[in-house]
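These notes are about the structure you will find just below.
Values quoted throughout were computed directly from the atomic coordinates according to the rules given, and no laboratory measurement underlies them. Given the structure is predicted, the values throughout are model-derived calculations rather than measurements. Note that each Cβ is placed from the backbone with ideal geometry, even for glycine, and that neighbours are counted across all protein chains shown.
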């Protein structure tokens, strides 16, 4: 598997197709920085030395399919309120509702962790198997959206920082 990369214009077009809109000036700067450090990112991904940390709140805002856990947590909060009121009058029903709300909340946390793992694993799989086709464009697009944070032993980067901060250890913000 080679680390040959597409041209910068092809890379930006791939990002725009994933991102769903044209890139602004800051997004162009992030894409160019990612493209410039392509070989560094490739080496870190292949050697499994880069951590991709998923921000589930931002991801669920950008992709509603990852917001499944919200409905369980909201239902849990409503049921616990009813459970507390019922506990004062009918303690059997109230305690059952409180237990149900805790179970719903736990299930929501489980769904959130499962979605995070599925998203993370698909990003890593595409980045290792098809870096020049779509993998690195997905990494860059999700970095631009704020869905992920990149971290290595050298440093970390989150938008609005340049992604190369993660591989170089420098702290460079967008200009």
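On a C-alpha basis, how far is the centre of the stretch 83-119 from the centre of the stretch 14-72 in Å? Whole number, if you could?
33
For the stretch 1-147, what does the convex hull of the Cα positions come to per residue, in cubic angstrom?
110
When the chain is modelled as a GNM with alpha-carbon springs shorter than 10 Å, which of 30, 52, 93 fluctuates the most?
Answer for the Gaussian network model of the chain: 93.
Of 108, 83, 155, which is the most mobile in a GNM of the chain whose springs link Cα atoms less than 10 angstrom apart?
So, out of 108, 83, 155, the one fluctuating most is 83.
Which of these, 13, 59, 150, has the largest mean-square fluctuation under a Gaussian network model of the chain (Cα springs below 10 Å)?
Residue with maximal mean-square fluctuation among 13, 59, 150: 13.
Take residue 51 and residue 4, extend 7 Å from each Cα along the Cα→Cβ direction, and tell me the distance between the two endpoints in nm.
3.5
Sum -39500 (n - 2.57) across every DSSP H segment of at least 4 residues in the chain, then divide by the residue count to get the 222 nm mean residue ellipticity, nearest 500. Don't skip to the end; give the middle numbers.
Values: 8 runs with 115 residues, N = 175.
My calculation for the chain gives -21500 deg cm²/dmol from helical runs alone.
Could you put 145, 77 in order, starting from the residue whose Cβ has the fewest other Cβ atoms within 10 Å?
77, 145
Test of understanding: ordering 152, 7 by Cβ neighbours within 10 Å, fewest first, what list do you get?
Going from least to most buried by this count: 7, 152.
Which FRET efficiency value, to the nearest 0.05, is calculated for residue 26 and residue 61 with the Förster distance at 25 angstrom and r the Cβ-Cβ distance?
Values: r = 19 Å, r/R0 = 0.75.
E(calc), rounded to 0.05, equals 0.85.
Checking the a/c ratio against 1.5 first, then a/b against b/c, what shape does the Cα gyration tensor give for the stretch 96-135?
prolate
Angle, helix 136-145 long axis vs. longest principal axis of the chain, Cα atoms, 0 to 90°, nearest 10?
In the chain, helix 136-145 runs at an angle near 60 degrees to the longest axis.
Residues in the stretch 96-137 near a label at residue 85, defined as backbone nitrogen under 15 Å from the 7 Å Cα→Cβ point?
In the stretch 96-137, the label zone of residue 85 (backbone N under 15 Å from the point 7 Å along Cα→Cβ) covers 97-98.
For 79, 111, what ranking results if the residue with the fewest other Cβ atoms within 10 Å of its Cβ goes first?
111, 79
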